[in-house]
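Shown next, in structure tokens, is the structure this report addresses.
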Amino acid sequence: MNSIRVTIENQDSQVCTEDDLNPDLVEVMQRHAEEQPAHATYVVELAPLLGVASAIQEKCLVIVLPETSSQDIPYLCAPVGAEVRAMSDGQSTACLMLADGNVAVSERAVSAAHPLEFSRLVTLWLFKDRRILREYPYTPETDDDLWVATQIAQSHENPLDDVPPNSSHIIELFDNFVMQDAPIERTAA
């Protein structure tokens with residue numbers, strides 16, 4: 001079981017694990033993800049996700065992969081990098097590469113999570129067989145690399161120029177949803 005330390009407003013902290021997840025909120029994201037035409041990410045505040053009433057406003061990136069087993073993704077690989085990817089419409093987009101380069105997350109989702117403020121990107125992986133709570137280091141250098149990738153993606157007159165061809169093994173998460181005002185209280189099971 002993985003754990004993360006969540007900072008409370010008075011500078012105390014609390015260790016949280018997958019057992020602390022708000023099952024109702026997780027279910028809402030999983031159901032919504034099933035209705036989407038492509039894989040998507042969600043950005044949600046840690047407080048309602050973990051049922052911590054007074055947590056500071058840190059956010060979590062939730063990656064829902066209902067058809068993927070946790071054994072198929074090297075989610076433990078901590079280094080993250082930036083890359084420009086081509087979307088299905090031919091446009092370029094900047095992505096943060098997670099899981100040893102196997103998962104590409106849209107820069108928009110990463111930006112919505114504000115990881116630089118906390119020097120980490122808290123991520124909840126929702127696989128078909130497991131729920132895994134992880135954190136990845138997010139440094140100013142990582143942020144700079146993602147900014148450069150964003151500038152490159154936006155500067156392409158012909159979107160496919162200089163963009164590496166999409167590898168079939170990479171899971172691309174271009175769609176993202178930012179959840180606001182999720183309830184902190186958990187419904188009794």
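The values are calculated or read from the model by the stated rules, or taken from the named source; none is laboratory data. Note that the coordinates shown come from a computational prediction; the quantities given were computed from them, not determined experimentally. So basically every Cβ, Gly included, is an ideal-geometry build from the backbone, and we count neighbours across all protein chains shown.
Some observations on this one:
- Test for T41: is it within 18 Å of W147 (Cα to Cα), assigned to a strand (DSSP E or B), at pLDDT 90 or above and among the β-branched types (V, I, T): no
- Among the residues of the range 87-128, those that are surrounded by fewer than 16 Cβ atoms within 10 Å (Cβ to Cβ) and among the acidic types (D, E) comprise D89, D100, E117.
- Checking each residue in the range 55-86 for being part of a loop (DSSP other than H, G, I, E, B), surrounded by 18 or more Cβ atoms within 10 Å (Cβ to Cβ) and of a type outside the set (D, E, K, R) picks out T68, I73, Y75, V80.
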